[in-house]
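Take a look at the structure below.
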Amino acid sequence: MTPLARILIRRIAVDGPMSIADYMAECLLHPDHGYYATRDPFGAAGDFTTAPEISQMFGEMLGLCLAQGWLDQGRPAPFALAEIGPGRGTLMADILRALRAVPGMGEAAEIHLVEASPVLRARQADTLAGQRPVWHERVEDLPDLPLFVVANEFFDALPIRQFERTADGWAERQVGLREGGLAPGLGPLTRYPALAARLGDTRPGDVVETCPALPAIAAAIGARIAARGGVALIVDYGGWHSLGDTFQALKAHEPVDPFAAPGEADLTAHVDFEALAAAFDAAGTDVTAMTPQGVFLERLGITARAEALARKLSGAALDAHVAAHRRLTHPEEMGQLFKVIASFPRGGPPPPGFDPLP
Ligand code: SAH
């Protein structure tokens with residue numbers, strides 16, 4: 001049993017079952033035993049691999065997308081170049097390399113990172129040595145400047161609540177105790193006004209997820225873009241309109257039981273892009289269509305970039321490079337599961353790469 005499992009079992013024995021959201025928050029960010037608080041989880045030796053860790057081309061394409069937005073908006077200077085949940089700092093380093101091709105943009109950028117994990121902050125400081133990034137606990141603490149911001153695989157780490165539709169209404173899924181261990185169960189039937197609208201497209205047995213922290217975080221980003229200009233690029237796995245149980249745990253690149261080893265597996269859920277779009281719209285920005293990662297990267301020129309990089313490679317390095325390009329873009333790999341959406345100033349030109357709005 002993990003140390004965090006002992007703590008949570010004691011807590012549930014006293015306070016009763018906890019929501020999936022509270023469980024996720026403890027597992028990921030508990031100061032002593034939380035998953036992100038205690039480790040660097042990325043790469044082949046870790047638990048999962050993210051797009052920027054697969055190839056430098058991912059960050060370069062996001063950088064070019066931000067650069068076009070910056071040019072379209074009249075080259076605001078200074079501006080905040082920000083990342084939420086920057087992992088090892090690889091994505092920001094690749095973005096900065098792409099921006100070197102845009103005269104004046106690197107000089108105008110102040111780098112701001114929103115990161116909860118002390119271990120990963122140290123890692124980001126190494127990767128971005130010389131760039132003098134400023135760290136923040138919360139998105140709300142970002143400076144009052146035009147905001148060009150990316151978040152890759154950040155929103156999937158935010159705690160979710162799960163509700164199951166029963167014959168008589170909605171009951172929340174909770175974490176309780178069974179035979180001395182942690183186990184999922186169903187709470188009492190309760191009225192949830194926010195779920196009333198979901199009676200139309202669900203049936204008994206269906207699960208609906210909500211992400212309580214998402215609206216406030218998207219609103220804080222959107223409010224800055226509405227007031228000062230900028231672009232937000234959000235990349236993650238998920239879809240439009242939450243339906244079904246997407247709560248999952250990964251350890252050593254394999255799915256595991258999310259209740260088996262709290263604090264030692266990564267816990268995530270699919271991102272509800274409809275909720276993101278609604279929050280950006282409410283904050284006063286326009287929103288692009290949700291666009292699959294593969295076509296987004298293709299439109300930004302990833303194939304031309306891949307060919308240019310390939311010319312300097314041979315043998316195993318070339319094979320790895322070709323595989324990385326495929327992994328990022330192919331519909332059977334990350335190309336279709338991962339989606340991108342952007343927030344940009346109302347009435348302004350959208351950043352490049354996105355599907356037209358329906
Ligand atoms: N963007 C990176 C890392 C994704 S993993 C990449 O693509 O490789 C998720 C990141 O979000 C980690 O850096 C994690 O520590 C951070 N994170 C998770 N929850 C957070 C929260 N509530 N506040 C700030 N950072 C958080």
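Laboratory data are not the source of any read-out in this text; all were calculated from the coordinates shown. Note that the structure is a prediction, hence the values are computed from the model and not measured. Note that each Cβ is placed from the backbone with ideal geometry, even for glycine, and that neighbours are counted across all protein chains shown.
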Listed by chain and number, the residues whose amide H is under 5 Å from that of residue 245, excluding neighbours fewer than 5 places away on the same chain and using placed H, are 207
Expressed to one decimal in nm², the mean projection of the alpha carbon convex hull of the range 18-93 is 7.3
Here, trypsin sites (Lys or Arg not before Pro) of the range 245-322 satisfying both criteria (DSSP loop; at most 14 other Cβ within 10 Å) are 311, 312
Calc'd 3J(HN,Hα), the range 274-285, phi into Karplus 6.51 cos²θ - 1.76 cosθ + 1.60 (θ = phi - 60°), Hz, glycine/Pro = x, comes to 5, 5, 4, 4, 5, 5, 5, 4, 5, 7, x, 10
Checked the range 110-264 against the a/c 1.5 cut and the a/b vs b/c comparison, axes a ≥ b ≥ c from its Cα gyration tensor; verdict oblate
Rounded to whole Å, √(5λ) for the Cα gyration tensor eigenvalues of the range 93-156, largest first, gives 20, 15, 12
Expected vector for the range 145-157, Karplus 3J(HN,Hα) from phi with 6.51, -1.76, 1.60 and θ = phi - 60°, integer Hz, x for Gly and Pro, equals 9, x, 10, 10, 9, 10, 9, 10, 6, 9, 5, 5, 8
Sorting 220, 46, 345 by the position of each Cα along the dipole of the chain (Lys, Arg +1; Asp, Glu -1; all at Cβ), the one nearest the positive end of that ordering is 345
Of the range 1-24, those with amide N under 20 Å from the point 7 Å along the Cα→Cβ vector of residue 119 are 1-8, 23-24
Expressed in nanometres to one decimal, the distance between label points 7 Å along Cα→Cβ at residue 141 and residue 206 is 4.0
Between the Cα axis of helix 315-329 and the main Cα principal axis of the chain, the angle (0 to 90°, nearest 10) is 60
Rounded to the nearest 500, the 222 nm mean residue ellipticity computed for the chain from DSSP H runs (n ≥ 4, each -39500 (n - 2.57)) alone is -10500 deg cm²/dmol
With x for Gly and Pro, the residue-by-residue ³J(HN,Hα) of the range 122-135, computed from phi through the Karplus equation 6.51 cos²θ - 1.76 cosθ + 1.60 at θ = phi - 60° and given in whole Hz, is 5, 5, 5, 4, 5, 4, 9, 4, x, 9, 6, x, 10, 9
Amide H contacts under 5 Å for residue 174, restricted to residues at least 5 apart in sequence or on another chain and with H modeled in the peptide plane, are 185, 186, 187
Scoring the range 153-291 by relative contact order with C-alpha pairs under 8 Å, at least six apart, yields a percentage of 27
Residue separation between residue 357 and residue 256 times 0.36 nm, minus their alpha-carbon distance, gives in nm 32.6 nm
Cα-based Rg then Dmax for the range 239-301, in Å, read 15.9, 43
Bridge orientation stat for the chain from DSSP, antiparallel percent rounded to 5, came to 60
Taking only the alpha-carbon positions of the chain as identical scatterers, the Debye log10 I(q)/I(0) at q = 0.12 Å⁻¹ comes out as -0.91
Checking rank on 162-168, 149-155, 335-341, 207-213, with mean other Cβ inside 10 Å and highest first, the result is 149-155, 335-341, 207-213, 162-168
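Roughly how big is the chain's charge dipole about its Cα centre, with Cβ charges of +1 (Lys, Arg) and -1 (Asp, Glu), in debye to the nearest 20?
Its charge dipole is roughly 500 debye.
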